[in-house]
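Here the structure comes first, spelled out in structure tokens, and everything after it is commentary.
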Amino acid sequence: MCLAIPGKVLEIDNSVQPAMGKVSFGGIQKRVCLEWIPDVVVDDYVIVHVGFAISKMNEEEAQETLKLIEQMEGGLEELKADEPRDETRKQM
Amino acid sequence: MRYIDEYRSEAAAKRMATRIRQVTTHPWTLMEICGGQTYTIVKYGLEELLPDEITLVHGPGCPVCVTPLELIDKAIVIASTPGVIFTSFGDMLRVPGSSKDLLTVKAEGGDVRMVYSPLDAVKIAQSCPEKRVVFFGVGFETTAPANAMAVWQAKRLGLKNFSVLCSHVLVPPAIEALLSSPTNRVQGFLAAGHVCTVMGYEEYIPLALRYQTPIVVTGFEPVDILQGVYMTVRQLEEGRVEVENQYARSVRREGNVPARKLMAEVFQTTNRNWRGIGEIPNSGYALSPEYADYDAEKIFSVEGIKTRESEECIAGQVLQGLKKPHQCPAFGTGCTPEHPLGAPMVSSEGACAAYYHFGRFRLGRTSAPEVVVT
């Protein structure tokens, strides 16, 4: 039930309460509540659950995860030297 | 789709799995909390990629599965009341109550409607002022703010014909109940990424420290889950105990502050009965006194309904990670998705349904040769 999927914000309507908008999920468009993403702008990606955007996708972090995995081709020693987990630990 | 396909890459998953094998030297038992994660693990056969030392047990994070039978019975009484439009997410409609399910109420003439969002239920209440509209408000912290918004909106609009049958459950008290149980065998947790998207992960830090158990906030795609496993195993192997965040593209430490603010206004914590597990203190949300006029349990006087659980279904043990679904004598025979005995066989996120649909119980180390599904 906690299924939530990323979609691209196409339109924002702040004139209604709660704030609503149009979000595209791979071409399928839905009206979504954007009230909890106050800094949302068109073209942002948001994570949507039961018609509500609950988070704005952090592009930098998304790329970081993929980059870490890309780097995993190397050996174990190299990984230890990288200490990639610091990237996530620093957020605590 | 962007932000999904990249995390389903076979090459990345294999790379991650290789790394897990390289760092694993001891046997470890990890639990993924969320039913959505269980679904991914079983669908993609991720356990087959892991070294034999690592056991994944499936947690209680399927709201359909942990909703107590008596709440389903209350829903059925309300939905059968003339003049009521009963609205719900689709997956609650097929959960068996003690005599029938909500779809049967619909077949018998009840006005039971599936909605995509709680705000759709509010719209129905606006357009049908002569009817009483009830929304079945179940779910974890991910769903709770959406239901809070529906109640808040109904109050703002002055709707007198809208109410919620509210039974929200919370993850951290369930983790604590599992960790403090004498039968616990879980050594590390993959926390639920979308619950933490809403709530953040600060409340997990004292839990991890108190029980000396690593917790890694984890996403839902195969590569996310393998990376969550890798991060947890590394902590265990290195003797570290931390709360780490694998799903940083969605989860911030403080969660979604405006959503949490609304929840704090509309809800208050309460003790909740978890199906198959029992009562856990302060493990759920109920409507706060300010919003008591929207409480369907009070409006329809169903608070007194008490129901005992079936003894045939071992859902409680499955939800606590003590047994795998195929170890149930009724699995695939007396209990199937078409004729479920318990909720984990109903929801696609239920461990029993996932095992049934993807046939994982017939493979490798989870094999159970005595169980054959035709």
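The values are calculated or read from the model by the stated rules, or taken from the named source; none is laboratory data. Because the structure is predicted, anything quoted here is derived from the model rather than measured. Here Cβ is always computed from backbone atoms with ideal geometry, including for glycine, and neighbour counts include all displayed protein chains. When the accessible area is computed, the model is the full protein with side chains, heavy atoms only, and any ligands, DNA or RNA have been set aside. Shrake-Rupley method; radii C 1.70, N 1.55, O 1.52, S 1.80 Å.
Of all residues being charged (D, E, K, R) and open to solvent by 10 Å² or more (accessible area, probe 1.4 Å) in region B:139-173, which is nearest to the other protein chains (Cβ to nearest Cβ)? Just the residue, please. In this case the residue turns out to be B:156.
A quick yes/no check of all residues on (1) in contact (Cβ under 8 Å) with a residue 12 or more places away in the chain; (2) in the same structural domain as residue B:155 (by TED's automatic domain parsing); (3) among the basic types (Lys, Arg):
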site: B:281; (1), (2), (3): yes, yes, no
site: B:292; (1), (2), (3): no, yes, no
site: B:304; (1), (2), (3): no, no, no
site: B:307; (1), (2), (3): yes, no, no
site: B:310; (1), (2), (3): yes, no, no
site: B:327; (1), (2), (3): yes, no, no
site: B:343; (1), (2), (3): yes, no, no
site: B:346; (1), (2), (3): yes, no, no
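For region B:229-247, taking the residues that are assigned to a loop (DSSP other than H, G, I, E, B) and touching a residue at least 12 places away in the same chain (Cβ under 8 Å), the one that is farthest from the other protein chains (Cβ to nearest Cβ) is identified as B:241.
Looking across region B:82-101, just one residue is assigned to a helix (DSSP H, G or I) and surrounded by fewer than 19 Cβ atoms within 10 Å (Cβ to Cβ), and that is B:90. Could you say whether any residue in region B:122-137 is facing chain A (nearest Cβ under 10 Å), open to solvent by 10 Å² or more (accessible area, probe 1.4 Å), charged (D, E, K, R) and without any contact (Cβ under 8 Å) to a residue 24 or more places away in the chain? No, the conditions are met nowhere in region B:122-137.
One residue is enough: does region B:48-58 have a residue meeting the conditions more than 18 Å from residue B:224 (Cβ to Cβ), more than 12 Å from chain A (Cβ to nearest Cβ) and among the hydroxyl-bearing types (Ser, Thr, Tyr)?
Initial filter on region B:48-58 (more than 18 Å from residue B:224 (Cβ to Cβ)): B:51-53, B:55, B:57.
Restricting the remaining residues to those that are more than 12 Å from chain A (Cβ to nearest Cβ) gives B:51-53, B:55, B:57.
This time we only want the ones that are among the hydroxyl-bearing types (Ser, Thr, Tyr), so: B:55.
Checked region B:48-58: at least one residue is more than 18 Å from residue B:224 (Cβ to Cβ), more than 12 Å from chain A (Cβ to nearest Cβ) and among the hydroxyl-bearing types (Ser, Thr, Tyr).
Checking each residue in region B:208-227 for being open to solvent by less than 10 Å² (accessible area, probe 1.4 Å) and over 16 Å from residue B:193 (Cα atoms) picks out B:208, B:213. Taking the stated definitions as given, is residue B:301 under 20 Å from the mean Cα position of the chain (by Cα) and either among the polar types (S, T, N, Q) or at positive phi (or both)? When the stated conditions are applied, residue B:301 does not pass them.
On the basis of being aliphatic (A, V, I, L, M) and open to solvent by less than 10 Å² (accessible area, probe 1.4 Å), does residue B:191 make the cut? Yes: the conditions hold for residue B:191. If I filter region B:69-86 for residues that are within 14 Å of chain A (Cβ to nearest Cβ) and touching a Gly at 6+ places or on another chain (Cβ under 8 Å), do I get at least one hit? So far as region B:69-86 goes, no, none of its residues is within 14 Å of chain A (Cβ to nearest Cβ) and touching a Gly at 6+ places or on another chain (Cβ under 8 Å). Here residue B:180 meets the list (1) open to solvent by 20 Å² or more (accessible area, probe 1.4 Å); (2) closer than 22 Å to residue B:299 by Cα; (3) of a type in the set (Ser, Thr, Tyr) almost entirely, failing just condition (2).
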